[in-house]
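The structure under discussion appears below in the form of structure tokens.
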Amino acid sequence: MSLPPGFLDELRSRSSLSQVVGRKVMWDQRKSNQGKGDMWAPCPFHQEKSASFHVDDRKGFYYCFGCHAKGDAISFVRETENVSFMEAVEILAREAGMPMPERDPQAQQKADARTQLAEVMELAVKWFRLQLRTGAGQAARDYLARRGLQGDALARWEIGFAPDTWQGLWDALKGKGVEDKLILDAGLAKPSQKGGKPYDTFRNRIIYPIRDAQGRAIAFGGRAMDPEDKAKYLNSPETALFDKGRSLYNVREARVAAGKGQPLLVAEGYMDVIALSEAGFGAAVAPLGTAITENQLAMLWRISDEPVIMLDGDAAGQRAALRLIDLALPLLEAGRSLRFAMMPEGQDPDDLLKSAGVGAVQSIIDAAQPTVQLLWQREIDGKVFDSPERKAALDKTLREKIALIRDPSIRSHYGQEIKDLRWQLFRNKSTSASGGGGGGARRPRQQGAWVKAVPGPSVGAKSSVLATAQDARATDHLREAVILAACICCPEVVEKFETGLENMPCADPDHARMRDLVLAHAHRGAGDLRDRISDALGPDAIENLLAQRHVAITPCIRKPGMADLTAMTIAEELAKLKAQRGLEEELHDALDDLTGEADEGVTWRLAEAARAHDRARRSGQEDQAEYVIADNGARLDREEVEKSRSFFDQIDFSKGGRKNS
């Protein structure tokens with residue numbers, strides 16, 4: 001329908017936005033200024049406690065600083081009432097006392113046709129309900145009673161029955177003077193392929209009426225009574241009233257219940273919705289036997305910011321949930337997402353209610369997982385990541401999925417969450433494989449038995465590298481403290497050293513826990529990292545770490561914020577730890593080998609390990625200056641040599657003074 005020029009402007013000027021919005025929100029009186037039309041309230045489009053939803057009554061616009069919802073009175077009615085543009089205009093015009101303009105002939109004709117179809121559908125609802133009470137409907141009534149539906153429940157859900165006849169409904173509607181075209185256009189009958197009288201669409205089926213958000217009967221769902229029927233469930237064909245991909249079963253009642261604070265639950269079938277609603281979960285809908293479409297997802301988000309998808313605990317239900325993730329990712333917005341409540345294997349919500357009661361269903365809802373968790377679970381379930389290539393494949397897949405998210409802020413948060421989950425997965429496996437967060441265990445001999453104690457070192461060996469390494473554990477503890485302190489003071493460099501930190505087997509349990517917290521939360525910033533460590537290890541943990549003398553004198557600790565210096569410190573200390581651990585492993589192996597027949601290989605391995613250890617130990621003591629070798633073999637600082645030459649070039653020795661002086 002086309003509206004005359006100026007009609008919408010006049011409608012907006014006559015409509016008080018604060019009055020329209022005021023039906024859905026509770027104004028914050030301390031923050032609002034009613035005299036100036038400056039009103040504030042918690043946003044009706046997402047769950048919050050603060051008053052971030054602003055209405056400017058004079059300009060006729062609203063805006064939420066939390067979820068960024070914005071618009072005018074018409075868009076507000078559309079979003080909150082789940083109606084079309086013209087329906088929202090009609091609602092506001094009625095409230096403002098403005099007559100709607102005359103419709104153009106074609107639009108009026110279409111509207112009249114839909115009205116006629118809706119009237120025919122109401123006649124069909126009454127006829128199906130009447131058939132359920134006849135003798136032909138006895139088997140259907142028995143089936144429904146076994147499912148817990150009888151009496152008032154049957155009336156509430158307007159459940160009916162289509163008898164096993166070819167033209168039962170057709171003849172009944174024709175007897176009321178309904179035209180053939182209307183019956184066919186409503187999807188209640190199909191033309192005969194043999195030239196005979198049209199036959200009923202639904203035969204020998206329990207009938208569930210499907211109504212739209214305005215309460216009009218737009219379609220039917222039929223459950224076959226014959227177990228041999230090829231189609232267990234059958235929906236009406238698409239008509240001028242019914243678009244399966246844009247409709248939800250029980251949407252009108254669910255919208256009302258969700259508006260009162262109930263969680264919006266999305267089940268698979270009619271009986272699941274009915275069972276949930278009868279058990280007190282009134283905001284339950286179903287997507288009419290098909291995978292949820294983009295339009296249905298938009299409808300769900302107009303009702304609730306975070307619908308809970310309750311899919312059956314069988315393989316088909318899980319596949320449907322996983323497909324929905326890919327559909328939802330590009331559509332996610334701030335405050336709008338999905339949660340997934342997975343039923344026990346082989347059960348649907350109706351089964352669970354009957355076997356375990358309302359409490360079990362509530363527990364499933366409370367434990368519903370966010371979308372990011374199910375995305376992660378989908379990519380790792382049943383897979384083994386025991387090689388760099390498999391880990392890289394996982395990273396590639398997850399990057400591709402996260403790239404589908406259009407909102408940059410949500411995309412960033414998903415990346416951080418996936419990073420946390422990935423770290424937990426691989427860190428746990430690494431810790432398990434190495435025997436925990438401690439310093440590791442000595443490697444066994446080939447037969448699997450630990451080496452027995454060997455005699456102590458001789459007098460000549462006490463000053464050797466073997467003896468020197470025995471006290472290295474104390475030094476390792478000091479190095480670990482410096483590394484952890486540097487990471488805490490400058491968490492932005494941690495990402496460069498994740499692998500080294502993950503492989504740092506701390507002998508001190510507190511160091512191990514602190515390292516894990518650094519890896520898990522460094523990306524959140526220094527303040528949050530310190531809070532997490534304080535919560536886990538106590539308020540004095542960081543202060544005690546930084547107060548240690550060998551930590552306090554470290555340059556990057558005394559001058560926090562110097563990322564380059566901090567990175568150099570961490571890299572140097574990790575290299576020294578790695579060299580020390582390598583030396584210790586060689587020593588353990590050497591002790592094993594020395595109990596047998598000694599050979600030159602043992603001596604060579606020990607010498608190489610000692611040299612590597614010595615290089616790492618001396619790396620921090622050597623400065624970064626460049627040197628030149630003098631004629632006498634002495635090593636001279638290149639910069640100092642150049643300065644000296646420059647100075648001497650300025651001296652005129654023939655006159656005893658400087659040149660050009």
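Say each of H68 and R14 gets a label point 7 Å from the Cα, pointing the same way as Cα to Cβ; how far apart are those two points in nm?
In this crude label model, H68 to R14 measures out at 3.5 nm.
For region 163-204, which chymotrypsin sites (Phe, Trp or Tyr not before Pro) pass both filters: DSSP loop (anything but H, G, I, E, B) and at most 11 other C-beta atoms within 10 Å? Walk me through the numbers on the way to the answer.
Values: sites: W166, W170, Y199, F202; in loops: W166, F202.
Here no chymotrypsin sites (Phe, Trp or Tyr not before Pro) fit, given the DSSP loop and packing criteria.
What FRET efficiency comes out for K24 versus A536 if R0 is 35 angstrom and r is the Cβ-Cβ distance? Round to the nearest 0.05.
Computed FRET efficiency for K24 and A536 comes out at 0.25.
Does region 363-405 come out rounded, prolate or oblate, given a ≥ b ≥ c as the square roots of the eigenvalues of its C-alpha gyration tensor, rounded meaning a/c under 1.5 and, failing that, prolate meaning a/b above b/c?
On the way: a/c = 4.77, a/b = 1.64, b/c = 2.91.
It comes out oblate by the Cα gyration axes.
My understanding is that a pair violates if its Cα-Cα distance is over 24 Å; which of K391/K419; K176/K244; K126/K194 do that in this structure?
On the way: K391/K419 13 Å; K176/K244 28 Å; K126/K194 30 Å.
Flagged as over cut-off: K176/K244; K126/K194.
If Lys and Arg each add +1 and Asp and Glu each add -1, what is the summed charge of the other residues whose beta carbon sits under 9 Å from the beta carbon of G37? Could the numbers behind the result be given before it?
Details: positive: K36, R58, K59; negative: D38, D56, D57.
Taking every Cβ under 9 Å from that of G37, the sum is 0.
I need the semi-axes of the equivalent ellipsoid of region 161-301: take the C-alpha gyration tensor, multiply each eigenvalue by 5, square-root it, list largest first in whole angstrom.
30, 16, 13
With a bin width of 10 angstrom, please list the P(r) values of region 266-326 as percents of all Cα-Cα pairs, from the 0 bin to the one holding the largest distance.
Computed distribution, short to long bins: 22, 57, 21, 0.
Just want the ordering: I418, I553, from fewest to most Cβ atoms lying within 10 Å of their own Cβ.
The fewest-first ordering by Cβ neighbours comes to I553, I418.
Kirkwood Rh, region 7-96, all Cα pairs: how many Å? Please report the intermediate quantities before stating the final value.
Values: mean 1/r = 0.0762 Å⁻¹.
Its Kirkwood hydrodynamic radius stands at 13.1 Å.
Local charge sum around V178 (other residues, Cβ-Cβ under 12 Å, Lys/Arg +1, Asp/Glu -1)?
Numbers: positive: K174, K176, K181; negative: E119, E122, D171, E179, D180, D185.
Spelling it out: positives minus negatives among the neighbours equals -3.
Taking region 196-292, which GluC sites (Glu not before Pro) meet the DSSP loop condition and have no more than 15 other C-beta atoms within 10 Å?
On the way: sites: E228, E238, E253, E268, E278; in loops: E228, E238, E268.
Sites meeting the loop and neighbour criteria: E228, E238.
Greater than 22 Å separation of Cα atoms is the criterion. Which listed pairs, K24/K59; K36/K260; K49/K260, meet it?
Numbers: K24/K59 20 Å; K36/K260 30 Å; K49/K260 16 Å.
From the list (K24/K59; K36/K260; K49/K260), the Cα-Cα distance tops 22 Å for K36/K260.
Report the calculated FRET efficiency for E345 and K578 (r = Cβ-Cβ distance, R0 = 51 Å), to the nearest 0.05. Before the final figure, lay out the partial values.
On the way: r = 47 Å, r/R0 = 0.91.
For R0 = 51 Å, the calculated efficiency reads 0.65.
May I ask you to compute the full-extension gain from D171 to E87, defined as 0.36 nm times their residue separation minus their alpha-carbon distance, rounded to one decimal in nm?
Details: separation 84, 0.36 × 84 = 30.24 nm, distance 3.50 nm.
This chain segment gains 26.7 nm when fully extended.
Based only on other Cβ atoms within 10 Å, what is the fewest-to-most ordering of E48, E573? Intermediate values should be presented prior to the final figure.
On the way: E48 16, E573 25.
Going from sparsest to densest Cβ surroundings: E48, E573.
Can you bin every Cα-Cα distance in region 106-242 into 5 Å intervals starting at zero and give me the percent of pairs per bin, rounded to whole numbers?
Going out from 0 Å in 5 Å bins, region 106-242 shows 2, 10, 20, 23, 20, 14, 7, 3, 1, 0 percent.
What number results when the radius of gyration of region 251-399, computed over Cα atoms, is divided by 2.2 N^0.38 Å?
Numbers: Rg = 16.1 Å, N = 149, 2.2 N^0.38 = 14.7 Å.
Normalised Cα radius of gyration, region 251-399: 1.09.
Rank these for me by crowding, Y414, Y143, going from fewest to most other beta carbons within 10 Å.
Details: Y414 23, Y143 14.
Neighbour counts put them in this order, fewest first: Y143, Y414.
What length, rounded to one decimal in nm, is gained on full extension from D56 through to H550, with 0.36 nm per residue of separation minus their alpha-carbon distance?
Working: separation 494, 0.36 × 494 = 177.84 nm, distance 6.05 nm.
That pair, D56 and H550, stretches by 171.8 nm at full extension.
Can you check what the net charge comes to around D272, using other residues whose Cβ is under 12 Å from the Cβ of D272 (Lys, Arg +1; Asp, Glu -1)? Intermediate results must be reported in sequence, preceding the final value.
Values: positive: R147, K354; negative: E268, E278, D312, D348, D350, D351.
Taking every Cβ under 12 Å from that of D272, the sum is -4.
Values in this text are rule-based calculations from the coordinates and carry no lab data. Note that this is a predicted model, so its numbers are computed, not measured. Here the Cβ is made from the backbone with ideal geometry for all residues, glycine too, and neighbour counts use every protein chain on show.
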